[in-house]
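Take a look at the structure set out below.
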Amino acid sequence: MTTTPSEDLWAGFDPATDPADTAPVWDEPVPLTPRRDLPAFPVDALPGWLAAMVTGVAEETQTPADLAGCLALAVIGTAAGGRCTVCVRGRWREPVNIYTAVALDPGNRKSAVFSLMTEPLLAVEKVMVERSGAIRAEAETTARLAKAAADKAAARAANADDAGRAAATAEAVALAQAADETTVPAVPQLFADDVTPESLATLLTEQDGRIGVLSPEGGIFEIIAGRYSGTPNMEIFLKGHAGDMVRVNRQGRPAQHVERPAVTMGLAVQPEVLESIGRIKGADGRGLLARFLYALPDSLVGHRNLTPELLPQDVADAYTENLGALTLAMADWTDPALLTLSPEADAVLLAYQKVTESRLGKGGSLAPVVKWASKRDGAVARLAGLLHLAQHPRDAWTKTIDAATMAAATQLGDYFTTHALTVFDAMGADPAQDAAHTLLTHLRETGLTGFTRRELFRGLSRGEFPAMADLDPALNLLEDHGWVRQRPAPTRRGGGRPPSPRYDTHPRLTRTTTA
């Protein structure tokens, strides 16, 4: 008589001790921490030309629109950051630079999206470099001549007789001061990739207080955490978001002073990076985490369209033209342009503020992320400014922000709020939570009423569970919550390797009820 694999598994054990027939009645299981249903990026909140670009890039690259959408907002902020401020109410001002971070696993074509969305910035940067060439050449010549004149005056003063030394010295001092005050403008640069805090401070000084950090990787967080210095260094990133004055004094270098710094960040990171930044010393307490607008889109890998529609050329051209017009229009501003709200837009924002305030208190839905949520209304004002600039790239400062634009900004605010709640849940969650959810989904979909640890491992992805031991924390959590229970090991009748532990699953997992 042949035996089945299941019979082989229990060979050498007394079947009378198998508890399957005498198992206790199941109690009601305790739900795991629920996963939120995350909204898709509200592309319709963007002005037409920007929405068309986001949709076209997402389609051609077969990536979630969240990636191109968040980057589009960061690109607009890079084009205008430091040159524009939203006058909300009274003395409340919000600059229009933002920090965005989109979490996607490798293989999601992040670099392709970044290339399509940022190439027009590089093109307009090239135009700015060419236009400033004559000015820089003139400044460099003036600086050389001033330095030469100062040197000659110093030599004359050194060789002057007693009667003429005082006058020669005064002339030399005056010319030396004039030479020191002669500056040569830096080559225009709109954005950088991963930069150190020290380099960022220098870039801000050179670029009149504004710079973007746009990267398809999350290395900037490692730099903030102290990759090179060994200690966290986030001061410039905190002040660069808020617009607080920056003074940098380093030994052997001239002091750097930026009155109103404006840093814009558009990053794509791996999901685990968002969890790890919560462990950067001081990142939460000092408010770095609260400054980011987070997005956790679902990956399309595994069900992408292999023959997608290509990005229409007229859409790409409109994006390049409008982005270039905005960048060049704002490039020559010294004092920030003020954007004001219409009375109707102010009413929309005030209503949104009331909702935020009502949810911040004890027991409110935003209480767990109070530091982030306290900046939510300011972020919505910034987003409204960005949408207004995109709607009127050539003359936005001559028009007020209307109610429809503010309503679109609140739509984006709601999107980022839900994603932020999920991110902060992950930062403080037991690492076994996600794995337990994966196991629970697998058990429900397969309808297993019982399984061995080895059988379960064979049915799962090695990417999520590389080794059988990786199952243990999640299985323990499911057992603690009453979704599975391990059978007592039967009495052994001989030697040999013990069987893999066997589990029973809660009857609810064979029904359609969700955890």
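Filtering the stretch 122-145 to residues that are charged (D, E, K, R) and farther than 17 Å from Ala80 by Cα leaves Glu130, Arg131, Arg136, Glu138, Glu140, Arg144. With the requirement that a residue be of a type in the set (Phe, Trp, Tyr) and in contact with a Phe, Trp or Tyr (Cβ under 9 Å, 6 or more places away or on another chain), what does the stretch 75-96 give you? Once the filter is applied, which keeps residues that are of a type in the set (Phe, Trp, Tyr) and in contact with a Phe, Trp or Tyr (Cβ under 9 Å, 6 or more places away or on another chain), the stretch 75-96 yields nothing. Across the stretch 307-355, what is the number of residues that are under 22 Å from Gly56 (Cα atoms) and modelled with pLDDT under 95? So the answer is 0. Within the stretch 216-238, being assigned to a loop (DSSP other than H, G, I, E, B) and in contact with a Lys or Arg (Cβ under 7 Å, 6 or more places away or on another chain) holds for Pro216, Pro232, Met234.
Entry remark, the stretch 396-435: residues being at pLDDT 95 or above, not hydrophobic (A, V, I, L, M, F, W, C) and not in a helix (DSSP H, G or I) number 3 in total. For the stretch 361-371, the condition of being modelled with pLDDT of 95 or more, over 24 Å from Phe191 (Cα atoms) and of a type in the set (A, V, I, L, M) holds for none of the residues. Remark: pairs (first residue in the stretch 298-319, assigned by TED's automatic domain parsing to the domain that holds Met53; second residue hydroxyl-bearing (Ser, Thr, Tyr) and assigned to a loop (DSSP other than H, G, I, E, B); Cβ separation under 7 Å; 6+ apart in sequence or on different chains) = Leu300/Thr63. None of Gln391, Gln433 is under 30 Å from Asn322 (Cα atoms) and polar (S, T, N, Q) except Gln391. Just one residue in the set Ala373, Ala390, Ala403 is aliphatic (A, V, I, L, M) and surrounded by fewer than 22 Cβ atoms within 10 Å (Cβ to Cβ); that residue is Ala403. Looking only at the stretch 67-92, residues that are without any contact (Cβ under 8 Å) to a residue 12 or more places away in the chain and among the charged types (D, E, K, R) come to 1 in all. Pull up the stretch 355-370, narrow it to residues that are within 22 Å of Arg286 (Cα to Cα) and aliphatic (A, V, I, L, M), then point me to the one that is surrounded by the fewest Cβ atoms within 10 Å (Cβ to Cβ). That would be Ala367.
Scanning the stretch 188-215 for residues that are among the aliphatic types (A, V, I, L, M) and part of a loop (DSSP other than H, G, I, E, B), we see that the one that is nearest to the chain's Cα centre (by Cα) is Val195. Residues satisfying the criterion are absent from the stretch 324-343 (criterion: touching a Leu at 6+ places or on another chain (Cβ under 9 Å), surrounded by fewer than 16 Cβ atoms within 10 Å (Cβ to Cβ), in contact (Cβ under 8 Å) with a residue 24 or more places away in the chain and within 20 Å of Gln411 (Cβ to Cβ)).
Is it the case that Tyr294 is surrounded by 14 or more Cβ atoms within 10 Å (Cβ to Cβ), closer than 24 Å to Ile220 by Cα, modelled with pLDDT of 95 or more and of a type in the set (Phe, Trp, Tyr)? Spelling it out, Tyr294 is indeed surrounded by 14 or more Cβ atoms within 10 Å (Cβ to Cβ), closer than 24 Å to Ile220 by Cα, modelled with pLDDT of 95 or more and of a type in the set (Phe, Trp, Tyr).
Taken across the stretch 423-438, residues that are out of contact with any helix residue (DSSP H, G or I) (no Cβ under 9 Å at 6 or more places or on another chain) and surrounded by fewer than 23 Cβ atoms within 10 Å (Cβ to Cβ) do not occur at all.
Looking across the stretch 380-406 at every residue that is under 19 Å from Asp332 (Cβ atoms) and hydrophobic (A, V, I, L, M, F, W, C), the one that is nearest to the chain's Cα centre (by Cα) is identified as Leu389. Give, as residue ranges, the strands (runs of 3 or more DSSP E) completely inside the stretch 440-507 that count at least 3 residues that are out of contact with any Leu (no Cβ under 6 Å at 6 or more places or on another chain), within 22 Å of Trp26 (Cβ to Cβ) and at pLDDT 85 or above. Passing ranges, in order: 450-452, 502-505.
The values are calculated or read from the model by the stated rules, or taken from the named source; none is laboratory data. Everything numeric in this text was worked out from a predicted model, so none of it was measured. Cβ coordinates were reconstructed from backbone atoms using ideal geometry, including for glycine residues, and neighbour counts include every protein chain displayed.
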